[in-house]
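Worksheet for the structure shown next.
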Amino acid sequence: AVGQSGVRLNRNSSLSGEAIRRNLTLRCDDAEADSRVNAAACREAGLRSMIVAVLRSKGEPVGVIKVVARKPNSFGDNDAHILELFAESLGTILQRKQAEDELRVRAIQQAAIAELGQEALRSIGSSNLTEKAVAIVARTFGVEYSSVLQSLPDGSSIKVVAGFGWRP
């Protein structure tokens, strides 16, 4: 599978897709005789047997880990169990990484909110607070443009009162 990163498989015609749909570890002893696998693709790749174990995050399937062999009947029940243990560990690692990434984003957002609050205290009565706010928001989200728009009393219009990255 070296060089396979990024390749897309049809969930409806692959053992990996079926494992995700059923949230279950599956084993194929012979791709030539198993209707759940894409026999032509397996034949082209020279694969005959495989095990697919589900990766879960918060109990929900998010992917699979798969082992394949060129010979039929290469795996047994014990192999499937061991791959399930690997999948469980990898799922936990992926879930932790996702939680850490979310915490990092929240920390950046909280720092931006704190910075805006400090700016507001320094700028009481200053007309450029909204200009500073849109700059902080754009930087926080890593975008090129940000703006503040105010709803006008006529109820049918809004106007740009501050912008970052372009002239309002």
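The values are calculated or read from the model by the stated rules, or taken from the named source; none is laboratory data. Treat the numbers as computed from the prediction; the structure is a model and nothing was measured. Here Cβ is always computed from backbone atoms with ideal geometry, including for glycine, and neighbour counts include all displayed protein chains. These accessible areas exclude ligands, DNA and RNA; they are computed on the full protein's heavy atoms, side chains included. Shrake-Rupley method; radii C 1.70, N 1.55, O 1.52, S 1.80 Å.
Working carefully through the options Ile20, Ile93, Ile51, find the one that is touching a Pro at 6+ places or on another chain (Cβ under 7 Å) and either assigned to a helix (DSSP H, G or I) or at pLDDT 90 or above (or both). Steps first, answer last, please.
Values: Ile93 fails: touching a Pro at 6+ places or on another chain (Cβ under 7 Å); Ile51 fails: touching a Pro at 6+ places or on another chain (Cβ under 7 Å).
Only one candidate qualifies: Ile20.
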Subject >> Residue within the stretch 131-152 that is over 30 Å from Ala53 (Cβ atoms), more than 35 Å from the chain's Cα centre (by Cα), free of Cβ contacts under 8 Å to residues at least 12 places away in the same chain and part of a loop (DSSP other than H, G, I, E, B) present >> reply: yes
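Can you confirm whether the stretch 132-145 contains a residue that is of a type in the set (D, E, K, R), open to solvent by 60 Å² or more (accessible area, probe 1.4 Å), touching a Leu at 6+ places or on another chain (Cβ under 9 Å) and at pLDDT below 90?
Step one: filter the stretch 132-145 for residues of a type in the set (D, E, K, R), giving 132, 139, 144.
Okay, now just the ones that are also open to solvent by 60 Å² or more (accessible area, probe 1.4 Å), so 132, 139, 144.
If we keep only those that are touching a Leu at 6+ places or on another chain (Cβ under 9 Å) as well, we get 132.
If we keep only those that are at pLDDT below 90 too, we end up with 132.
Taking every residue of the stretch 132-145 in turn, at least one turns out to be of a type in the set (D, E, K, R), open to solvent by 60 Å² or more (accessible area, probe 1.4 Å), touching a Leu at 6+ places or on another chain (Cβ under 9 Å) and at pLDDT below 90.
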**OP:** Return the only residue of Val68, Val62, Val105 being surrounded by 16 or more Cβ atoms within 10 Å (Cβ to Cβ) and either aliphatic (A, V, I, L, M) or touching a helix residue (DSSP H, G or I) at 6+ places or on another chain (Cβ under 6 Å) (or both).
**Re:** Val68
**OP:** Enumerate the pairs (first residue in the stretch 101-128 and within 26 Å of Val160 (Cβ to Cβ); second residue anywhere and of a type outside the set (Ser, Thr, Tyr) and modelled with pLDDT of 85 or more) with beta-carbon separation below 8 Å, excluding pairs fewer than 6 apart on the same chain, so at least 6 apart or on different chains.
**Re:** Ala112/Ile136; Ala112/Val137; Ala112/Arg139; Glu115/Ile136; Leu116/Ile136; Glu119/Ile136
Original post:
Right, Ile82: in contact with a Pro (Cβ under 7 Å, 6 or more places away or on another chain), outside any loop (DSSP other than H, G, I, E, B) and surrounded by 12 or more Cβ atoms within 10 Å (Cβ to Cβ) or not?
Top reply: no
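Would you confirm whether any residue within the stretch 108-125 is open to solvent by 100 Å² or more (accessible area, probe 1.4 Å) and in contact with a strand residue (DSSP E or B) (Cβ under 8 Å, 6 or more places away or on another chain)?
First pass over the stretch 108-125, keeping only residues open to solvent by 100 Å² or more (accessible area, probe 1.4 Å): 110, 113, 118, 121-122, 124.
Retained after the next criterion (residues that are in contact with a strand residue (DSSP E or B) (Cβ under 8 Å, 6 or more places away or on another chain)): none.
No.
Return the residues of the stretch 21-33 that are touching a Ser or Thr at 6+ places or on another chain (Cβ under 9 Å) and either open to solvent by 30 Å² or more (accessible area, probe 1.4 Å) or over 17 Å from Ile82 (Cα atoms) (or both); say none if nothing qualifies.
Arg27, Asp29, Asp30, Ala31
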